[in-house]
Amino acid sequence: MNSPSLPNIRSLRTLSNAHKCAALDLLFEPSPEIHKTLIPVSEAAEYTSYNEFIESCRQALVSMASQSTTTRPNETLLAILGSHPRLGAKKVESAQSAAEQAKLGGGESEALARLNRDYEQRFPGLRYVVFVNGRGREDIMRDMEARIARGDFGKEVDAALHAMCDIARDRAAKLPVQAADHL
């Protein structure tokens, strides 16, 4: 079985939607809403790096978020944020998320499960998304508690979107990229 790889960035714009979806799944998470929102970004320009592409994705997502409020959340945006697995979840769809969560160790503890519930109750429709980046479970749980206590829906949406794009950048840096003639 071949290990997952990203298409050459210079070919991304011209690939079939199925191939674009596969690349987006590797960078972000498997999600029809991500596909619908970010495939047009992949077609908007010829990118020279995945960092450049992900920055364009970030801008598109932040623009979408600017039109969302606590009382009138953008349903597509909520679905995009909800595509990320709960921190410590036992069942994780993407291999990348499974590997990232494994670094936290121990699966979803009772305390982490409680924090996930508290977070989702405080911010209906949102999922706590954070770029772990080597931080341990205790650090992440303190961050989660602080964000729950802050209670600002708009800041949570912003933090989650930026975390998703930071995660995508990290994944892009770690995944092999196909040669230009391997399409």
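Pairs are defined by a Cβ separation below 6 Å, a sequence spacing of at least 6 or placement on different chains, a first member in region 39-63 that is in contact (Cβ under 8 Å) with a residue 24 or more places away in the chain and over 24 Å from residue 155 (Cβ atoms), and a second member that is among the small types (Gly, Ala, Ser) and in a helix (DSSP H, G or I); the pairs so defined are 50/172.
With respect to residue 26, is the statement that it is hydrophobic (A, V, I, L, M, F, W, C), within 20 Å of residue 128 (Cα to Cα) and either open to solvent by less than 20 Å² (accessible area, probe 1.4 Å) or assigned to a loop (DSSP other than H, G, I, E, B) (or both) true? Criteria not met by residue 26. When region 143-157 is filtered for residues that are touching a residue at least 24 places away in the same chain (Cβ under 8 Å) and either open to solvent by 70 Å² or more (accessible area, probe 1.4 Å) or touching a His at 6+ places or on another chain (Cβ under 8 Å) (or both), only 145 remains. Hey, among the residues in region 1-18 that are without any contact (Cβ under 8 Å) to a residue 40 or more places away in the chain and part of a helix (DSSP H, G or I), which one's nearest to residue 52 (Cα to Cα)? The qualifying residue nearest to residue 52 (Cα to Cα) is 13. Where helices (runs of 4 or more DSSP H) fall entirely within region 50-103, those with at least 1 residues that are modelled with pLDDT under 95 and among the acidic types (Asp, Glu) are at 75-82, 95-102.
The values are calculated or read from the model by the stated rules, or taken from the named source; none is laboratory data. Given the structure is predicted, the values throughout are model-derived calculations rather than measurements. Every residue, glycine among them, receives a Cβ derived from its backbone with ideal geometry; neighbour counts consider all protein chains shown. Accessible surface is based on the protein model in full, side chains and every heavy atom, while ligands, DNA and RNA are left aside. Shrake-Rupley method; radii C 1.70, N 1.55, O 1.52, S 1.80 Å.
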